[in-house]
Amino acid sequence: MSRRAANITQADVARALRAAQQAGPSWRIEIDGGIIRMVQGPPPAASDPSSALPQDALAPEEKWRL
C-alpha cells in the first residue's frame, strides 16, 4: 500500500525554525495543516527554569543510609 506524499517535511520545519532563530527571540513558527507561518510575538520572559515550578511540585531530597 503506497503512502500519500507529506504536505510538510521535517526539513521544511527545520528550515523555518532556523529562520525564526536568526530573526530573533520574539519570532516563532506556527504550523497549520500544510502552512508554516512565522509570527512575531512578545519576547519570552527570561526566568530561572526552577522558579517556574512551585516548590511543592519539586520532589523532596531523601537521605539515604546503607
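All of the numbers you see were taken from the coordinates with simple rules; none came from a lab. Everything numeric in this text was worked out from a predicted model, so none of it was measured. As a convention, Cβ positions derive from the backbone with ideal geometry for all residues, glycine included, and neighbour counts pool all protein chains shown.
Multiplying the residue separation of Ile35 and Ala11 by 0.36 nm and removing their Cα-Cα distance gives an extension gain of 7.3 nm.
Could you list the trypsin sites (Lys or Arg not before Pro) in the stretch 1-36 that lie in coil according to DSSP, counting only those with at most 12 other Cβ atoms within 10 Å of their Cβ?
Working: sites: Arg3, Arg4, Arg15, Arg18, Arg28; in loops: Arg3, Arg4.
Qualifying residues, ordered by number: Arg3, Arg4.
Counted residue by residue at 0.36 nm each, then reduced by the alpha carbon distance between them, the extension gain from Glu61 to Arg28 reaches 8.2 nm.
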